[in-house]
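A.B. asks: Before I ask anything, here is the structure I am working with.
The values are calculated or read from the model by the stated rules, or taken from the named source; none is laboratory data. Keep in mind that what you see is a predicted model, and the values were worked out from it rather than measured. Here the Cβ positions follow ideal geometry from the backbone for every residue, glycine too, while neighbour counts run over all protein chains shown. Only protein heavy atoms, including side chains, enter the accessible area calculation; ligands, DNA and RNA are left aside. Shrake-Rupley method; radii C 1.70, N 1.55, O 1.52, S 1.80 Å.
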Amino acid sequence: QVQFVESGGGLVQPGGSLRLSCASSGSAISVKIMAWYRQAPEKQRELVATITSRETTYYRDSVKGRFTISRDNAKKTVYLQMNSLKPEDSAVYYCNIWNTPSSAASWGQGTQVTVSS
């Protein structure tokens, strides 16, 4: 069974950058659509970006032009480069196979991103 471990979060000032990583263990993910999600306090988890096996990408409107999703199938790792960060980007960021139910065991602990001066 595949599981994911996110890393790379931290505290950054507005306008700063972070690069998140998501390492997978278990089943190969090369043919899967992978996704980054985020959840801010008292808000529902929301989809941030997806990437297909052919590296077609999707971004929610609020991060377009600032975030870049990528993948390295050989390393079974997915990345999220986040530039020009805003306070409203603050959240716990998770990765998983796109459309995975919230009850699935594959969800990791996420990585906290805090954008604040």
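A.B. asks: If I ask for residues that are under 11 Å from the mean Cα position of the chain (by Cα) and open to solvent by less than 60 Å² (accessible area, probe 1.4 Å), which ones from the stretch 5-16 would you list? Walk me through how you get there before you give the answer.
C.D. replies: Filtering the stretch 5-16 for residues under 11 Å from the mean Cα position of the chain (by Cα) gives 5-9.
Answer for the stretch 5-16, where residues must be under 11 Å from the mean Cα position of the chain (by Cα) and open to solvent by less than 60 Å² (accessible area, probe 1.4 Å): Glu6, Ser7, Gly8, Gly9.
A.B. asks: What number goes with the only condition from (1) of a type in the set (Asp, Glu); (2) in contact with a Lys or Arg (Cβ under 7 Å, 6 or more places away or on another chain); (3) open to solvent by less than 30 Å² (accessible area, probe 1.4 Å) that Asp89 does not pass?
C.D. replies: (2)
A.B. asks: Could you tell me whether the stretch 96-103 includes any residue that is β-branched (Val, Ile, Thr), open to solvent by less than 60 Å² (accessible area, probe 1.4 Å), assigned to a loop (DSSP other than H, G, I, E, B) and at pLDDT 95 or above?
C.D. replies: Within the stretch 96-103, the subset β-branched (Val, Ile, Thr) is 97, 100.
After this cut, where a residue has to be open to solvent by less than 60 Å² (accessible area, probe 1.4 Å) as well, the list is 97, 100.
When the remaining residues are screened for being assigned to a loop (DSSP other than H, G, I, E, B), the result is 100.
Filter once more, so that each one left must be at pLDDT 95 or above: none.
No, the conditions are met nowhere in the stretch 96-103.
A.B. asks: Could you identify the single residue in Val113, Val63 that is of a type in the set (Val, Ile, Thr) and under 13 Å from Gly8 (Cβ atoms)? Spell out how you get there, then give the answer.
C.D. replies: On the way: Val63 fails: under 13 Å from Gly8 (Cβ atoms).
Criteria check complete, one pass: Val113.
A.B. asks: Which count do you get for residues in the stretch 42-67 that are farther than 17 Å from Glu88 by Cβ, open to solvent by less than 70 Å² (accessible area, probe 1.4 Å) and modelled with pLDDT of 95 or more? Break it down stepwise before answering.
C.D. replies: From the stretch 42-67, those farther than 17 Å from Glu88 by Cβ are 50-58; that's our starting set.
Remaining after also requiring open to solvent by less than 70 Å² (accessible area, probe 1.4 Å): 50-53, 57.
Next, from what is left, pick out any that are modelled with pLDDT of 95 or more: 50-52, 57.
Number satisfying all stated conditions: 4.
A.B. asks: Can you name the residue in the stretch 17-41 that is closer than 15 Å to Gln112 by Cβ and not in a strand (DSSP E or B) and is also most open to solvent (accessible area, probe 1.4 Å) among such residues? Outline the logic, then answer.
C.D. replies: Kept after step one, since they are closer than 15 Å to Gln112 by Cβ, are these residues of the stretch 17-41: 18-22, 36-41.
Within this subset, residues satisfying the condition of being not in a strand (DSSP E or B) are 40-41.
Numbers: Ala40: 26, Pro41: 110 Å².
Here the answer is Pro41.
A.B. asks: I've got another one for you. I'm told Arg71 meets every condition in (1) of a type in the set (Lys, Arg); (2) within 18 Å of Ser106 (Cβ to Cβ); (3) part of a loop (DSSP other than H, G, I, E, B) except one. Can you identify the failing condition by its number?
C.D. replies: (3)
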